[in-house]
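Notes follow once the structure below has been shown.
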Amino acid sequence: MRLLLHIILLGSVTPFKFLAYSPQLAKSHVNFLGKISDVLIEAGHEVVILSPLLDSSLGFAGSKKARVIEVPQCTEARAYEEFMQNSNAANAWTKGDSLQAFFEWGNLTYSWVAQCNATIAHPGLLESLREEKFDVAFAEMIDFCAPGLFHLLGIEKWVITDSLAINDAHFFYTHTPSNPAYVPTMMGGSMGEEMSFSERFDNLLTFCFSKWFNEYFFPVYDEMFRTHDREIPSVEELFGTNSLVFTNSEPLVDFPRPSSARMIDIGGIVTSTGHKQMDADRISEGIPNLVETTWAPQSDLLHDPRISAFITHCGQGSITEAIDAGVPLIVVPIAYDQLRNAQQVKRNGHGIMLEKTELENPEKLRNAVKEVLENPSYHEKALKIKLMLEDRPFAMKEIFIRNMEFLAKYGPLRQLGHYGRKLNFFQYYLIDVIAAVLGVALVILIIAFFLVISVVRLLKRILGIKKVKAD
């Protein structure tokens, strides 16, 4: 019966054609774009994945169902691949605060710009893509190639997707107000929503630096794009033309934050993030109750009723899989958004967080494992979150599919963009209005002050005259 209903629904859907821009830059990002592409394909639509090889060692575009167009790696992009394979992994355990990551990634941005240029200039590519006549395009904004590429292809209906729970840049792209006083930034380090003065200062600094970091590279992309089209709008202007932003955030789990009509949460739409073969380290030698493997079906293992807890680095994919299975956690965040994810686990009470430096003390890890295994509250809260997500009013896949279909029919959805993006800094934060009100209030106070002085002087004069007459 369900199969028959599925066939009937597919038959009633007008198929649309989607373009996914998904450079091969990291396994988790590629898998997420591939999985949501599969969601659209399963709903009866066609998806083409444009997949430039930033890191050729990945060797997979994230989907076996979509049609994939790979673009060869350019010479400059080799530096990015070497970073991902060597220094990035080697330094993960010794990195300082997350601001350090901005500088590391900043040096790699030029590799992304070069690969973007090579993609646009690839012989016959733009012409063949234009002939496809795509209804909607989507991409993750790790690099800024997509807005310019979609413009060159003449695709007006496009959306931003993100494999992360929340990217600070989402607030900039949509001009949604955010408050660093209680919303932890993606790269803000190990802090939750309740922050001390110094943590709020650090969070604000990271938020401002994130905005500056994004805007710093806009001109670099602008210069490159204008070698292909002199009249192309700036990257900043093009960002304002996106219709929707899909975040891999689950409101029932993530930190509460401001939002806008253009930001749609689809956290949990992907509950299995593929696999990556690891090198054998032989750490299990001599330990009888430890199984070491270069790969394991993580999602399947987490759903095994014999699993009592899960120790993880707190990547977004691992957290999503653990929540879906209702398994309590011991989280040891290493870098980047993992620190923020770990604070979510701590806030929701379904796991214990350890700093990576605490692993030097075996007793702390032993105590954390013992606490999670022996205290039933962690399992109870993990199970409650699992049941809450299963009982949501709307499935995340349905939300994603219906919004994409709606955009294909009626987009671009310009009416969702608020006028605030056209205001300057003083207008946006009402500084001009506040200044005017304070100015008027100050003038009134000054006038009132001088009126009081004048009245006092007048009264003194009158009283002085009466006193003279009385004498």
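The values are calculated or read from the model by the stated rules, or taken from the named source; none is laboratory data. Nothing here was measured: the structure is a model prediction, and the numbers come from that model. Cβ placement follows ideal geometry from the backbone for every residue including glycine, while neighbour counts extend to all protein chains displayed.
A few comments on the model shown:
- Against the criterion of being out of contact with any Gly (no Cβ under 7 Å at 6 or more places or on another chain), modelled with pLDDT of 95 or more, of a type in the set (Phe, Trp, Tyr) and crowded, with 16+ Cβ neighbours inside 10 Å, PHE406 does not qualify.
- Selected residue (only one of HIS175, HIS228, HIS170 is at pLDDT below 90, surrounded by fewer than 20 Cβ atoms within 10 Å (Cβ to Cβ) and not polar (S, T, N, Q)): HIS175
- Filter result (over 22 Å from HIS29 (Cα atoms) and in contact with a strand residue (DSSP E or B) (Cβ under 7 Å, 6 or more places away or on another chain)) within segment 312-352: VAL327, PRO328, LEU329, ILE330, LYS346, HIS350, GLY351, ILE352
- Conditions (1) among the aliphatic types (A, V, I, L, M); (2) within 30 Å of GLN415 (Cα to Cα); (3) modelled with pLDDT of 85 or more; number of the one not met by ILE330: (2)
- Residues that are among the aromatic types (Phe, Trp, Tyr), more than 30 Å from GLY154 (Cα to Cα) and not in a helix (DSSP H, G or I) are absent from segment 369-391.
- Hits in segment 222-272 (condition: out of contact with any Asp or Glu (no Cβ under 8 Å at 6 or more places or on another chain) and of a type in the set (Phe, Trp, Tyr)): PHE225, PHE239
- Of all residues making up segment 334-368, the number that are surrounded by 15 or more Cβ atoms within 10 Å (Cβ to Cβ), more than 20 Å from ASP168 (Cα to Cα) and of a type outside the set (Lys, Arg): 9
- If only residues of segment 249-266 that are within 22 Å of GLY411 (Cβ to Cβ) and polar (S, T, N, Q) are counted, the one that is surrounded by the most Cβ atoms within 10 Å (Cβ to Cβ) is SER259.
- Residues that are over 23 Å from ASP135 (Cα atoms) and acidic (Asp, Glu) occur in segment 203-220; there is at least one.
- When ASN31 is tested against the conditions (1) over 23 Å from the mean Cα position of the chain (by Cα); (2) assigned to a helix (DSSP H, G or I); (3) modelled with pLDDT under 95, the lone failure is (1).
- Screening ASN341 against (1) at pLDDT 95 or above; (2) in contact with a Gly (Cβ under 8 Å, 6 or more places away or on another chain) leaves a single unmet condition, (1).
- Scanning segment 178-210 for residues that are exposed (fewer than 14 other Cβ atoms within 10 Å of the Cβ) and part of a helix (DSSP H, G or I) yields a total of 4.
- Taken over segment 416-458, residues that are assigned to a helix (DSSP H, G or I) and closer than 30 Å to VAL245 by Cα amount to 10.
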